[in-house]
Amino acid sequence: MKVHLSNQGNLRNFQSFIEKLDFSVPEKLEISTHNKWVTVHPANLVMVAALALQVGKENAEIVGSVPSSGAYLDRMGLYNIINTPSPFTYHKKEEAGRFVPITQLKTADDQSRFIADMVPLLHLSEENTTIVKYIIGELVRNVLEHARAPHGAIVAAQYYRKTNRVSIGICDTGIGIWKSMREYWHPRTNMEALHLALTPGITGTTQKEGGTSENAGAGLFFIKSIAKITRNYFTIYSGKAEYTLLKHRSDIKGMPRLFADPALDQHRETGEVSDFHGTLVAVDISLHETTEFKKLLASIGKVYDEAIRDRKKAKYRVPKFV
Amino acid sequence: MKKTIRIQKFAGEFAENKDIAKKMRVEKVMPTLSKNGVIVFDFDGVSGATQSFVHALVSDPIRKFGSTAFDNLFYKNVNNDIREIISIVYRYMQESLNSESYEE
């Protein structure tokens, strides 16, 4: 496998990152970087880390020279899981940045501990802390419960002071969305499976409205909606399909309108990229755009209710007029 | 019979662990409701909860006990965020109950 880390690692350019992925030799991982400057989003990092963990440390390496900005890869812990020694030296005290390094979570207890320990690293306000905990709580749980991923969930996060934004990436090398949706929803394509996973009230564990005692099919819809309300990106990539919610225009005032159907959101999607055996979810949250979390939840809940009601109505029997 | 469950004691300051929610549901909530008892969920010290956690905690009691669950489940010391999440779960569970298509 080959992965290239460019100088434009962000969700806006995520499609070009995955277009360059090469999964042709699955036993080995070669990581290359831009020769002058490397910029990575947590999404890029967790993807590389998940692949490195899959092939094993001895089979993962960085090829070619890494520019000085590659020190960030070291700080985020990438060199700990690959067979290339870090060329970077820096004072440990410099590490007190506002980021959560690459972390592997395999159990619910790991998740709880991580959520408790992680947030202080980002130095956020209580309101913003709740949102970050919420997002990580739901996304990691999805992996632990549905992905059947032997290496668990790989998580990383970064706070960007200049843009007052938190970026989060979560990746696994489990069964992928299509397989987790297959039993009850029979999606024909990876893209159809992604759309189902993003639709409120649809869970891979049942076809019934309201879900099961354990699952309601709300998690991804809630997170995509949080990204939309805070006017930022949300990306999901699994199998050959990638869906990215685009930034809601900042000149349009008021809370962005939420849709139950992910096709109605302004987004970009492709169903013809390299076949990734796993799932990656990444989100950017603009903290200055964060409305009161309660209001945000209320808006999301309203659309969720409407979606269930509409699907129920669609199943109503109709009178037979002759 | 009245039982108070301190959520923070079991689930911590941020309630996201569905395994814990399920354990509380199976071991405390369901047996108490089956005897027409009352459960008070005390969220004192809990700053947030995920929808998944609340769903795992109360969706099955609502489904199985219906109005007994609505009458006998109480929530105290709940902040606005958690209040909203519980309300969302109550609303969609009632929609599901009406359609009789909820699955165990």
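FYI, it's all coordinate maths here, none of it is from the lab. These numbers were taken from a predicted model, which means no experiment stands behind them. No Cβ is skipped: glycine too gets one built from the backbone with ideal geometry, and neighbour counts run over all protein chains shown.
Kindly indicate whether any position in the range A:270-290 is within 9 Å of another protein chain (Cβ to nearest Cβ) and either among the polar types (S, T, N, Q) or free of Cβ contacts under 8 Å to residues at least 12 places away in the same chain (or both).
no
Would you check which residues across the range A:186-216 are surrounded by fewer than 19 Cβ atoms within 10 Å (Cβ to Cβ) and assigned to a helix (DSSP H, G or I) and list them?
A:GLU192
For the range B:56-76, give me each residue that is basic (Lys, Arg) and away from every other protein chain (no Cβ under 14 Å).
Across the range B:56-76, the qualifying residue is only B:LYS76.
Of all the residues that make up the range B:1-55, how many are away from chain A (no Cβ under 11 Å), more than 14 Å from the chain's Cα centre (by Cα) and part of a strand (DSSP E or B)?
1
Filter the range A:147-184 for residues that are out of contact with any Gly (no Cβ under 6 Å at 6 or more places or on another chain) and in a helix (DSSP H, G or I) and give the result.
A:ILE177, A:LYS179, A:ARG182, A:GLU183, A:TYR184 - these are the residues of the range A:147-184 that are out of contact with any Gly (no Cβ under 6 Å at 6 or more places or on another chain) and in a helix (DSSP H, G or I).
Within the range A:268-309, how many residues are charged (D, E, K, R), under 21 Å from the mean Cα position of the chain (by Cα) and farther than 16 Å from A:THR130 by Cβ?
5
Could you identify the single residue in A:SER238, A:SER167 that is touching a residue at least 40 places away in the same chain (Cβ under 8 Å) and either within 30 Å of A:PRO120 (Cβ to Cβ) or within 14 Å of another protein chain (Cβ to nearest Cβ) (or both)?
A:SER167
Would it be correct to say that B:TYR75 is buried (at least 21 other Cβ atoms within 10 Å of the Cβ) and either among the hydroxyl-bearing types (Ser, Thr, Tyr) or without any contact (Cβ under 8 Å) to a residue 24 or more places away in the chain (or both)?
Answer is no for this residue.
Cβ-Cβ under 6 Å, sequence separation 6+ or interchain: first residue in the range A:114-139 and more than 15 Å from A:LEU296 (Cβ to Cβ), partner among the acidic types (Asp, Glu). Which pairs?
Close Cβ pairs satisfying both conditions: A:GLY137/B:GLU16.
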